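J.: Starting off with a structure, shown below.
The values are calculated or read from the model by the stated rules, or taken from the named source; none is laboratory data. None of the values given here were measured: they were computed from a predicted structure. Cβ coordinates were reconstructed from backbone atoms using ideal geometry, including for glycine residues, and neighbour counts include every protein chain displayed.
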Amino acid sequence: MYTLIGNPKNRSFRVLWALEELGQPYSLEPAHPQSDGMRAANPSGKAPALRVDGETVIDSVAICQFLADRHGALTHPAGSVARAQQDSFLHFALDDFDGSAWTLAKHSFVFPEEHRNKDAVRSGVQWDVTRAYAAFDARMGDGPWLTGDTFTVADVVTVHCAQWLSRACSVPQPASLTALVDRASAREGYQRADAIRQAA
Ligand SMILES: N[C@@H](CCC(=O)N[C@@H](CS)C(=O)NCC(=O)O)C(=O)O
């Protein structure tokens, strides 16, 4: 039994979605970033965290990959070339999508007001997102998923980042990315996780 600590409206959603895809039992312990509950699970106060076997694992991607490895789904086997491609897409999403969305978010509501400068960072972020979308478009194959027929943790994280980035940044997304988002959000696991997010 897993306990997910966090808020489904933030990166905790990735773990929620992975748990729903895997069909594993879990409980959700709601905690906002920097709340006492979140700091008790993660010294940095950041969400999400997962309680498992008396231990706490932090970082949404580490948690998703752990769950995938443990249950032998949502992942290619370690040591395979397909796994290297999966990890490569995952790190691309973190560097090029998550990084930009997070920069804008930090300047909107994370940094203390005196350190926020959204107008100054916006044009650089838009330039970076434009080239990230071009790189994604050049790399996305025939699908349906990032590494072919297997839906993986890389799809979960990429789709979550793409949805977040589309709200945070006005640069239009390539059709290859919006099609991936549409296919992924039609999955039953996504629909169940999204219903929990909407109700939170
Ligand atoms: N790499 C971490 C990032 C965690 C993170 O930054 N979470 C955000 C919510 S989406 C947070 O709690 N931010 C609060 C803060 O930065 O103070 C992960 O993926 O779990």
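J.: Exactly one of (1) at pLDDT 95 or above; (2) surrounded by fewer than 17 Cβ atoms within 10 Å (Cβ to Cβ); (3) more than 20 Å from residue 22 (Cβ to Cβ) is unmet by residue 177. Its number?
T.: Only one criterion in (1) at pLDDT 95 or above; (2) surrounded by fewer than 17 Cβ atoms within 10 Å (Cβ to Cβ); (3) more than 20 Å from residue 22 (Cβ to Cβ) is unmet by residue 177, namely (2).
J.: Mind listing whichever residues of the range 71-125 are farther than 19 Å from residue 61 by Cβ, charged (D, E, K, R) and within 15 Å of the ligand (Cβ to nearest atom)?
T.: Across the range 71-125, the qualifying residues are 113, 116.
J.: List the number of the failed condition for residue 57; all other conditions in (1) of a type in the set (A, V, I, L, M); (2) part of a helix (DSSP H, G or I); (3) out of contact with any Gly (no Cβ under 6 Å at 6 or more places or on another chain) hold.
T.: (2)
J.: Let me ask something additional. Which condition does residue 3 not pass, out of (1) part of a strand (DSSP E or B); (2) under 21 Å from residue 167 (Cα atoms), if it passes all the others?
T.: Failing condition for residue 3: (2).
J.: Which numbered condition in (1) assigned to a loop (DSSP other than H, G, I, E, B); (2) under 25 Å from residue 151 (Cβ atoms); (3) touching a residue at least 12 places away in the same chain (Cβ under 8 Å) is the only one that residue 86 fails?
T.: For residue 86, the failing item is (1).
J.: Okay, moving on. Among the residues of the range 14-31, are any polar (S, T, N, Q) and within 11 Å of the ligand (Cβ to nearest atom)? Write out each step before concluding.
T.: Initially, the range 14-31 is screened for residues polar (S, T, N, Q), giving 24, 27.
Retained after the next criterion (residues that are within 11 Å of the ligand (Cβ to nearest atom)): none.
No, because not a single residue in the range 14-31 is polar (S, T, N, Q) and within 11 Å of the ligand (Cβ to nearest atom).
J.: Checking residue 18 against (1) surrounded by fewer than 16 Cβ atoms within 10 Å (Cβ to Cβ); (2) of a type in the set (Gly, Ala, Ser); (3) assigned to a helix (DSSP H, G or I), only one condition comes out false. Which one?
T.: (1)
J.: Next up: Is there any pair with a first residue in the range 180-200 that is more than 13 Å from residue 12 (Cα to Cα) and a second that is among the charged types (D, E, K, R) whose Cβ atoms are under 7 Å apart and which are 6 or more apart or on different chains, and what are they?
T.: 184/155; 189/20; 189/21; 192/20
J.: Count, please, the residues in the range 32-70 that happen to be more than 14 Å from the ligand (Cβ to nearest atom) and over 15 Å from the mean Cα position of the chain (by Cα).
T.: Just the residues of the range 32-70 that are more than 14 Å from the ligand (Cβ to nearest atom), to begin with: 51-55, 68-70.
So of that shortlist, the ones also over 15 Å from the mean Cα position of the chain (by Cα) come out as 51-55, 69-70.
So the answer is 7.
J.: Have a look at 40, 82 and point out the one that is surrounded by fewer than 19 Cβ atoms within 10 Å (Cβ to Cβ), out of contact with any Asp or Glu (no Cβ under 9 Å at 6 or more places or on another chain) and more than 27 Å from residue 187 (Cβ to Cβ).
T.: 40
J.: Mind checking which residues of the range 169-200 are over 23 Å from residue 138 (Cβ atoms) and aliphatic (A, V, I, L, M)?
T.: If the condition is that a residue be over 23 Å from residue 138 (Cβ atoms) and aliphatic (A, V, I, L, M), then 186, 193, 195, 196, 199, 200 are the ones that fit.
J.: What number of residues within the range 97-131 satisfy the criterion of being in contact (Cβ under 8 Å) with a residue 40 or more places away in the chain and either outside the structural domain of residue 160 (by TED's automatic domain parsing) or within 17 Å of the chain's Cα centre (by Cα) (or both)?
T.: 7
J.: Among the residues of the range 24-45, are any within 30 Å of residue 84 (Cα to Cα), outside any loop (DSSP other than H, G, I, E, B) and either touching a helix residue (DSSP H, G or I) at 6+ places or on another chain (Cβ under 8 Å) or not assigned by TED's automatic domain parsing to the domain that holds residue 91 (or both)?
T.: Yes, some residue in the range 24-45 is within 30 Å of residue 84 (Cα to Cα), outside any loop (DSSP other than H, G, I, E, B) and either touching a helix residue (DSSP H, G or I) at 6+ places or on another chain (Cβ under 8 Å) or not assigned by TED's automatic domain parsing to the domain that holds residue 91 (or both).
J.: Here is a follow-up. Here is a check on your reading of the model: is residue 61 in contact with a Leu (Cβ under 7 Å, 6 or more places away or on another chain) and touching a residue at least 12 places away in the same chain (Cβ under 8 Å)? Let's see the steps before the verdict.
T.: Values: in contact with a Leu (Cβ under 7 Å, 6 or more places away or on another chain): yes; touching a residue at least 12 places away in the same chain (Cβ under 8 Å): yes.
Judged against the criteria, residue 61 is a match.
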